[in-house]
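Asks: Below you will find the structure I want to go over with you.
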Amino acid sequence: MSSCSKIHPTKRPARSRFDPLALFEVLKLHFGPSGWWPGESPLEVAVGAVLTQNTSWVNVEKAIENLKIHGMLDMVRIHEADHSELASLIRPSGYYNLKAKRLKNLIRVIMETSSGDIDAFLGKDRASLRDALLGVNGIGKETADSICCYAGGKTTFVVDAYTKRILLNHGIIDADAGYDEIQRLFEESLPCDIAVYKDLHAYLVFIGKDHCRPREPRCSACPLETWP
């Protein structure tokens with residue numbers, strides 16, 4: 001992004017109007033289909049959403065592979081697993097004791113409210129599913145929305161640190177903008193198309209990881225260098 005300096009990006013003047021669909025079209029042209037979120041089942045996506053808290057996806061992949069190797073990527077097996085056993089398997093994801101608790105909390109809610117049927121749990125309407133997820137100890141808005149969007153197929157836009165940094169550096173939001181405010185910017189303008197929701201969030205992750213970095217940003221190669 002041309003707005004970035006070496007260490008502390010210089011924010012552009014605030015925009016009078018933000019068009020997230022135009023942003024999507026620019027990034028779609030550059031990236032094509034995102035293929036994100038990786039996961040072979042809704043359960044794997046939901047587990048990944050919990051494990052990716054405060055770590056990189058590379059570490060999450062290692063933890064999920066451990067679960068698969070030991071036959072533990074299963075609702076009943078996770079529900080009945082000893083805490084230490086589960087924590088050991090997800091150790092590569094970091095904060096493994098805490099994440100084991102959060103993962104078991106999520107599975108317990110699905111077992112208790114939907115008889116362990118994750119499809120039935122995810123089949124709730126958007127608001128009910130989000131409320132149920134936010135009621136799980138250890139699951140916040142970003143994790144809940146990731147599960148809603150990528151596992152449940154709900155048009156719920158996921159806001160993460162990458163999204164906020166990109167919008168801030170382009171003068172679209174103020175530094176004190178909160179999660180709900182940023183989410184509304186997208187949801188009030190995007191079409192009701194789950195593919196758009198999924199891909200746009202993925203594109204912003206790609207930009208945040210590879211270009212709009214807090215240190216040593218790569219602005220000249222960024223697809224958003226001249227946007228709009």
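Asks: Please determine, in degrees from 0 to 90 and to the nearest 10, the orientation of helix 57-69 with respect to the longest principal axis defined by the Cα atoms of the chain, where the helix direction is its Cα long axis.
Replies: Here the helix axis deviates by roughly 20 degrees.
Asks: Tell me, what HN-Hα J-couplings in whole Hz come from the Karplus equation 6.51 cos²θ - 1.76 cosθ + 1.60 at θ = phi - 60° for each residue of the stretch 91-107, using x for Gly and Pro?
Replies: Using θ = phi - 60°, the values come out as 3, x, 7, x, 6, 5, 5, 5, 5, 4, 4, 5, 5, 5, 4, 5, 5 Hz.
Asks: Here's another thing I want to ask about it. Rounded to whole Hz and in sequence order, give me ³J(HN,Hα) for the stretch 199-206 from the Karplus expression 6.51 cos²θ - 1.76 cosθ + 1.60, θ = phi - 60°, writing x for Gly and Pro.
Replies: 5, 5, 4, 4, 4, 5, 5, 4
Asks: Here is a follow-up. With loop defined by DSSP as not H, G, I, E or B, and exposure as at most 12 other Cβ atoms within 10 Å, which is the longest segment of the chain clear of exposed GluC sites (Glu not before Pro)? Show your work: numbers first, answer last.
Replies: Details: sites that count: 40, 188.
Longest gap between qualifying sites, sites excluded: 41-187.
Asks: A further question follows. Taking the Cα centre of the chain as origin, sum charge times position over the Cβ atoms of Lys and Arg (+1) and Asp and Glu (-1), and report the length of that vector in debye to the nearest 20.
Replies: 760
Asks: Here is a further query. For the chain, calculate the relative contact order in percent as a whole number, restricting contacts to Cα pairs under 8 Å that are 6 or more residues apart.
Replies: Answer for the chain is 33 percent.
Asks: What percentage of all Cα-Cα pairs in the stretch 13-72 are separated by more than 14 Å?
Replies: Result for the distance tail: 68 percent.
Asks: Note the direction-averaged projected area, equal to a quarter of the hull surface, for the Cα convex hull of the stretch 42-151, in nm².
Replies: If I average the Cα hull's projected area over directions, I get 5.8 nm².
Asks: Please report how far the C-alpha centroid of the stretch 167-228 lies from that of the stretch 10-81, rounded to the nearest whole angstrom.
Replies: Using only Cα atoms to place each centre, the spacing works out to 16 Å.
Every read-out reported here was derived from the displayed coordinates using simple, explicitly stated rules and does not represent laboratory data. No experiment lies behind these values; they were computed from the predicted model shown. Because the Cβ atoms are built from the backbone with ideal geometry, glycine has one as well, and the counts that use them run over all protein chains shown.
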